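Novice: Questions regarding the structure given below will be posed in turn.
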Amino acid sequence: AGHVSPSLGCTDARIFAIISLSIFAAVATLSFFAYIRPLKFLMRSPMIQQMLMVCMHRYTSDRPPPYLYISDGGLLEPLGLLPLLRRRRAHIVVSDAAEDPDLSMRCLRNALAICREEGLCSFYDPRDP
């Protein structure tokens, strides 16, 4: 009497999957335009931030994003200073939290040596210019 077609469940699941993927694709695409004020809320999502980082998309705007994700520079230069110098940023803040029991500032000295080798910038001591 109450026969249900087995393909009906698959059809519903297929429609749900298509709608879900369409919404995800729309949000992902719109996230590249988060500099537009009504879409700025997209920059609050860690998932969107990760996707934009994978795509190597740089958020640029007159105003900063609601959140800043900070990371180190990796194995070669753990301060993250070199990429910022290569981008010719006007202002750079560096925090050196590397293990340095002798207070030799080894990571900073290594970064300065790499900068000199690549000709990224010059450094001087204000006491001895």
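Novice: Only residues that are over 22 Å from T60 (Cβ atoms) and at pLDDT 85 or above: list them for segment 117-129, please.
Specialist: The answer is E117, E118, G119.
Novice: Report yes if I18 is open to solvent by 80 Å² or more (accessible area, probe 1.4 Å) and modelled with pLDDT of 85 or more, otherwise no.
Specialist: yes
Novice: Name the residues in segment 79-116 that are farther than 20 Å from T60 by Cβ, open to solvent by 90 Å² or more (accessible area, probe 1.4 Å) and part of a helix (DSSP H, G or I), would you?
Specialist: R106, R109, R116
Novice: Still on this structure: Hey, can you tell me all the residues within segment 40-56 that are open to solvent by less than 80 Å² (accessible area, probe 1.4 Å) and either over 12 Å from P66 (Cα atoms) or polar (S, T, N, Q) (or both)?
Specialist: Hits for segment 40-56 are S45, I48, Q49, M51, L52, C55.
Novice: Still on this structure, please answer the following. Scan V54, V4, V27 and give me the residue that is β-branched (V, I, T) and at pLDDT below 85.
Specialist: V4 is the lone residue from the list that is β-branched (V, I, T) and at pLDDT below 85.
Novice: Within segment 69-78, is even one residue assigned to a loop (DSSP other than H, G, I, E, B), among the polar types (S, T, N, Q) and either surrounded by 10 or more Cβ atoms within 10 Å (Cβ to Cβ) or modelled with pLDDT under 85 (or both)?
Specialist: Yes, because at least one residue in segment 69-78 is assigned to a loop (DSSP other than H, G, I, E, B), among the polar types (S, T, N, Q) and either surrounded by 10 or more Cβ atoms within 10 Å (Cβ to Cβ) or modelled with pLDDT under 85 (or both).
Novice: While we're on this one: Please list, ordered by first then second residue, the pairs with beta carbon atoms under 8 Å, 6 or more apart or interchain, first in segment 21-35 and closer than 14 Å to Q50 by Cα, second of a type in the set (G, A, S) and open to solvent by 70 Å² or more (accessible area, probe 1.4 Å).
Specialist: none
The values are calculated or read from the model by the stated rules, or taken from the named source; none is laboratory data. Model, not experiment: these values are computed from the prediction. FYI the Cβ positions are ideal-geometry reconstructions off the backbone, even for glycines, and counts take in every protein chain you see. Protein only, heavy atoms only, side chains kept; ligands, DNA and RNA dropped before computing areas. Shrake-Rupley method; radii C 1.70, N 1.55, O 1.52, S 1.80 Å.
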